[in-house]
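Below is one structure; the comments refer to it alone.
We did not get these values from a lab; they are worked out from the coordinates using the rules stated. Quantities reported herein were computed from a predicted structural model and do not represent experimental measurements. Here Cβ is always computed from backbone atoms with ideal geometry, including for glycine, and neighbour counts include all displayed protein chains.
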Amino acid sequence: MRLITATLIVALLPALAGAQSLDTSETETEVVREMRNEIGSQAGFEAWLTDFRPRALAAGITADTLDVALTGLTFDEKIVTRDRNQNEFTKTIWDYLDTAVSADRVALGKKAMKKHAALIDRIETEYGVDKQAFIAIWGLESAYGSYRGDISTIGALATLAYDGRRAAFFEAQLIAALKILQNGDVTPEAMRGSWAGAMGHTQFMPTSWWDFAVDFDGDGKKNIWGDDPADGLASAANYLRHWGWTKGALWGLEVRLPEGFDYDQTTERVKKPVAEWAAMGVVPMAGGVLPDHGLASVLLPGGHRGAAFLIFSNFQVIERYNTADAYVVAVGQLGAELMGGPPIKADWPRDLRALTLDERLDLQRRLTAAGFDTKGIDGRIGPNTIAAIKAWQKANGLVPDGYASLDVLNNLP
Ligand code: CA
């Protein structure tokens, strides 16, 4: 088991800036464990907790809090496996939207809005954030409070901090979670959520709780975990307000692009006044005139064979919650349908499948090698990769929609 660690650790020393306790006769470092693709053990986890304790004390967590919160914690191998596999399987945006904005989720949301109408109206007024925005986030994050997650947040964060793939991030979240306990807003037993540490009605990470959670019902606790959604919903509204939500403005809307449209313009990086888009022949899918909520971009999240959206600055505010286009479109669209708006009309290219992680990495490698720099090979199809695909498509006489399809991959040198 431990035979290879000593030499490897010596070889890795320069890369381990800031890593402590390299006396590894007992404890393997995270990097080594990761290299050997080994998932930790309860014994290793307990050794890590012993190491962690002085760091937590130094960060201001009391011995009493640590005794209560860390005693009897168990290492959860399933969480590590999920964390390592989360980039492996991705859905196409249409598969995601089928679930995220299903008729059921719209119906449940309307019901929840009716049930909590007075509360929701008060939050909307107090925070200046349109109700459909924070209700749609609630709907996606916890199905309006019905799936808030029942995994111990401390246990999950400690497991992920020990696992080491993103140790610094999760240790910071663990410290923030312990401070929440110490603050008395929730008991360790009730501090539960999803496997990666997101908690409560709107799935806040512990640091977001410190930055944005509010005590809306006035009981002295910022309780986003319990059955009552008041604090959780107000916290989400507070988050959106902080990032610049414009009340009364749309996130975006589905549009129809004219024949012969210049697809090079379809990127969040191109922003134009609505009048310019209108002059180019962009019209609302639902008919009528384009609404004007300031500078707008045209987005094709499923490529030129899928739906097109004109998006406004509120789109970027929702991105603060989760940057995936599919998520932002889902929040916007669910919110619109909760207010009685029409579903997405355009067809999606349902014959295309999502690329696997290996294929996404391969795509980035091949684009970069061909002179279309994706600014990193990380398997994430973000703005830089989309820009590189568009440039490659343009150079090869294809529709430059930036969509990472199998066709693009197969046609790259
Ligand atoms: Ca409260």
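For GluC sites (Glu not before Pro), the sites in the range 120-205 that DSSP calls loop and that have at most 11 other Cβ atoms within 10 Å are GLU189. Taking amide H as placed 1.01 Å from N in the peptide plane, the amide H of VAL283 sits under 5 Å from that of ARG256, each at least 5 places away or on another chain.
Based on alpha carbons, the Rg and Dmax found for the range 139-243 are 12.8, 39 Å.
Based on Cα atoms of the chain, Rg over Rh with Rh as the Kirkwood radius reads 1.01.
Label positions at GLN86 and ILE39, each projected 7 Å from the Cα along the C-beta direction, are separated by 1.6 nm. Can you give the net charge of the other residues whose Cβ lies under 10 Å from the Cβ of ALA136, counting K and R as +1 and D and E as -1? Here the count lands on -1.
Summing charges over neighbours of MET285, with a neighbour being any other residue whose Cβ is under 11 Å away from its Cβ, gives +1 when K and R count +1 and D and E count -1.
Normalised by the residues of the range 95-206, what does the relative contact order come to in percent, with Cα pairs under 8 Å and at least six apart?
After rounding, I find 27 percent.
Under the combined filter of DSSP loop state and at most 15 neighbouring Cβ atoms within 10 Å, the range 56-150 retains these chymotrypsin sites (Phe, Trp or Tyr not before Pro): PHE89, TYR147.
For the chain, what is the mean residue ellipticity at 222 nm derived from helices alone (per DSSP H run of n ≥ 4: -39500 (n - 2.57); sum divided by total residues; nearest 500 deg cm²/dmol)?
Dividing the helical sum by the residues of the chain leaves -14500 deg cm²/dmol.
With a simple spin-label model that places each label point 7 Å from the Cα along the Cα-to-Cβ direction, the separation between ALA117 and THR187 comes to 3.6 nm. Fewest neighbouring Cβ atoms within 10 Å first, the residues ASP362, ASP163, ASP121, ASP325 line up as ASP121, ASP362, ASP325, ASP163. Taking the Cα centroid of the range 347-413 and of the range 278-324, what is the distance between the two, rounded to the nearest whole Å? Computed from Cα coordinates, the inter-centre distance equals 22 Å.
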